[in-house]
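What follows is a short report on a single structure.
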Amino acid sequence: MKIAFVGKGGSGKTTLSSLFIRSLAADGTPVVAVDADINQHLGAALGLTEAEAAALPAMGAHLPLIKDYVRGSNPRIASAEAMIKTTPPGEGSRLLRVVEDNPVYDACARTVALDGAEIRLMATGPFTEADLGVACYHSKVGAVELCLNHLVDGPDEYVVVDMTAGSDSFASGMFTRFDMTFLVAEPTRKGVSVYRQYKEYARDFGVALRVVGNKVQDESDVAFLRDEVGDDLLVTLAHSDWVRAMEKGRPAPFGQLEPANRAALDTIKAAALRSYELRDWARYTRQMVHFHLKNAESWGNAKTGSDLASQVDPAFVLGETAAAPQAG
């Protein structure tokens, strides 16, 4: 399943992403984790040192390789250079799987050990001072969007994406690429403001959205969140000495996480699993094509000098029964 964590800066979004990833890994579930936040803190939250996190390869730097690989032998795509971040797969495209070896993972992913289990971690790469005035961060996450468009995953494997803070993820169609989006909100007016923005944007696209209350201190905090977000409130988490120790660089085994917070993670996992029952690959493909045509008209055609609408294969529907990736 494809799962996103969103929320305002400082809400604990990255911490919750890392805890969810750890809980999946503890169960032996295959996970590909993706840091798509502008601040790039997921590696550290998963226990990497500053040097190890800084050494993660940037997906954006490998965009030509990603394009060339997923293009495969798709006859509708003349060259990798003609692809943009929203280019959808079609007959002949190579598809990515969670559990496999491929050139994209070789170049962009690194294995991270978590309490005896292993996950794959990928990162867009940081937005640096060199990018100011010449680049947009959303262009860096284009590599993530292209991979998600070409990725086939099943019910017992996960892609977990730590999204950029606030409502910035609506600058592209990537917010529609997930089976479930968990919005992490503090019990404050600012904490729920992002929820209102997300709810409004997501409504027309059938995006499954649940709220995870974080930094909750008492029942009045829970009541505030319930009043503000209603039935979208899934679960709340309180202070965690385990998390505080991890943030100090002194992590304990994940099994020592407080029982109440472990139970909250189980609730989040159960909600993610239920979302799989509602998966609609046809709608997923239609939305992919919708945003591709929108991007083609607004800037893609001018940038590539070609009509990118011709890249759409009307007979192709992405899904678990789609053809396996081609060798080579």
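Laid out as a table, the results:
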item: Among 254, 234, 282 - extreme Cα towards positive end, dipole of the stretch 229-328, charges at beta-carbon; result: 254
item: Angle in degrees between helix 13-26 and the longest Cα principal axis of the chain, rounded to the nearest 10; result: 90
item: 0 to 90° range, to nearest 10: angle between helix 281-295 axis and the chain longest Cα axis; result: 70
item: Test item: Cα-centred dipole of the stretch 1-52, Lys/Arg +1 and Asp/Glu -1 on Cβ, debye; result: 240
item: Loop-located GluC sites (Glu not before Pro) in the stretch 65-129, at most 14 other Cβ atoms within 10 Å (DSSP); result: 91, 100
item: J(HN,Hα) series, the stretch 238-251, from Karplus relation 6.51 cos²θ - 1.76 cosθ + 1.60, nearest Hz, glycine and proline x; result: 9, 4, 10, 5, 5, 5, 4, 5, 4, 5, 8, x, 10, x
item: Members of 2/199; 215/269; 67/199; 2/67; 13/294; 2/294 lying beyond 27 Å, as alpha-carbon distances in this model show; result: 67/199; 13/294
item: Among beta bridges that DSSP assigns inside the chain, antiparallel share in %, nearest 5; result: 15
item: Under-5 Å amide H pairs with residue 183, H placed in peptide plane, nonlocal only; result: 6, 210, 211, 212
item: Sorted largest first, extent of the chain alpha carbons per principal axis (Å); result: 58, 43, 39
item: Sparsely packed GluC sites (Glu not before Pro) within the stretch 255-328, loop by DSSP, other Cβ within 10 Å at most 15; result: 277, 320
item: Dipole moment magnitude, nearest 20 debye, the stretch 20-134 about Cα centre, only Lys, Arg, Asp, Glu C-beta charged; result: 440
item: Contact order normalised by residue count of the chain, Cα under 8 Å, 6+ apart, percent; result: 27
item: Full-extension gain in nm, residue 283 to residue 307, via 0.36 nm per residue minus C-alpha separation; result: 6.3 nm
item: Solvent-accessible heavy-atom area per residue, rounded to whole Å², over the chain at 1.4 Å; result: 44
item: Acute angle (nearest 10 degrees) that the helix 259-276 long axis makes with the longest principal axis of the chain, alpha-carbon atoms; result: 30
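The values are calculated or read from the model by the stated rules, or taken from the named source; none is laboratory data. Model, not experiment: these values are computed from the prediction. Glycine gets a Cβ as well: all are built from the backbone with ideal geometry, and neighbour counts include every protein chain shown. These accessible areas exclude ligands, DNA and RNA; they are computed on the full protein's heavy atoms, side chains included. Shrake-Rupley method; radii C 1.70, N 1.55, O 1.52, S 1.80 Å.
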